[in-house]
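A short worksheet on the structure shown next.
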Amino acid sequence: MKHYVGIDIGGTSTTIGLVSEEGIILDRLVILIEGFASGPIETFLDAIANGIRELSTKYGQPIEGVGIGAPNGNFYRGTIEYAPNMPWKDVHEVAAYLEKKNACRTVLTNDANAAAIGEKQFGVAKNFNDFILITLGTGLGSGIVSGGKMIYGHDGFAGELGHSIVVPEGRDCTCGRKGCLEAYVSIRGLLETYHDFGVGKASTPQEIAMKAQLGDEYAKETFVKTGEWLGLKLADAATYTSPEAVIFFGGIAQASDLFFPSLKETLEANVHNLYRNKIQIMKSGLPLNDAAVLGSAALVM
Ligand SMILES: [Zn+2]
């Protein structure tokens, strides 16, 4: 049996998973970023390299390849570039560094792209060649697959729907511009929308979802608006790649019952009739805790 390593680098923790070729996570290690934040990124990368060796030794198996999903990851260069939620700014050659340390083929991409590849290999997108995967979390990430291939663009950063503008001159975005979809549809976006109604506070999207289920009209409306913003931008996105499905992943996607109806309605009302009633809106088929690791491993398979 061949073994691969899938690594999910996040803003607070990094998970290193040992994955079989059938897509089973055999073991995993978690590294908290906090302890490394004040030092150079190399110290953090050395800890990852040690983790890979530890898993390989424990199972007595060589590793066929290492796949990494990371915020602002660049597939072409194997770099993490100016990631807003990481302690290390600038450009860091992560894949090359780890490849040298572990003498093992190492590939890196953006975290949402990794999730899209995981969904294609092991999830609900198995039979799709044209789909968009959207991750809803701290930000809004997206991976676009067209003709069975990940779309990277000329420089490796294609498909960032989160930074397409949904409200001109709207809310401030982490990218420094105004009105990006991510400023409305993300954890922060949802909290701000609810807060804008001026009726009370919530500290997590789960809390707003719970209030909505208990009948809080403003909480319900928060999700309705969220669906409308998504539907509007997806009506645009449909014209570029004509996807057969849009798949949602992440904590907020668990509340799909609350925003899929307004999303579908707004999408169908705004999309060109060539694409009408042809796009499925779905939830990810992968467990929340496994998808990023599986997707990263799938990247190198
Ligand atoms: Zn932005």
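The numbers here are math on the coordinates, done by the rules we state, and not lab data. Computed from a predicted structure; not experimentally measured. Here the Cβ is made from the backbone with ideal geometry for all residues, glycine too, and neighbour counts use every protein chain on show.
Contact order for the chain, expressed relative to its length and based on alpha carbon pairs under 8 Å spaced 6+ residues apart, stands at 20 percent. Calculated mean residue ellipticity, 222 nm, the chain: -11500 deg cm²/dmol, from DSSP H runs (n ≥ 4) at -39500 (n - 2.57) each, averaged per residue and rounded to 500. The trypsin sites (Lys or Arg not before Pro) of segment 116-172 that DSSP puts in a loop, and whose beta carbon has at most 12 other beta carbons within 10 Å, are K126.
Calculate the FRET efficiency for S242 and E22 from the Cβ-Cβ distance with a Förster distance of 30 Å, rounded to the nearest 0.05. Once the sixth-power term is evaluated, E becomes 0.40. If you plug the beta carbon distance of K283 and N50 into 1/(1 + (r/R0)^6) with R0 = 35 Å, you get a FRET efficiency near 0.45.
For segment 127-283, the Cα gyration tensor yields ellipsoid semi-axes of 26, 17, 14 Å (square root of five times each eigenvalue, largest first, whole Å).
On full extension, the segment bounded by T174 and R77 gains 32.6 nm, given 0.36 nm per residue less the C-alpha separation. Shape index of the chain: Rg/Rh, with Rg the Cα radius of gyration and Rh the Kirkwood radius from the inverse mean 1/r over Cα pairs, equals 0.98.
Under the rule a/c < 1.5 gives rounded, and otherwise a/b versus b/c splits prolate from oblate, where does segment 31-130 land using the Cα gyration tensor? Oblate, because a/c is 1.5 or more while a/b does not exceed b/c. By Kyte-Doolittle mean hydropathy of at least 0.0 and Cα axial length of at least 24 Å, which whole DSSP H helices of the chain are selected? Counting only whole DSSP H runs, the qualifying helices are 41-59. Modelled spin labels at R276 and K126, positioned 7 Å past Cα toward Cβ, are 3.4 nm from each other. As a rough footprinting exposure proxy, the listed residues C180, C175 were ranked by other beta carbons within 10 Å of their own, and the order from fewest upward is C175, C180.
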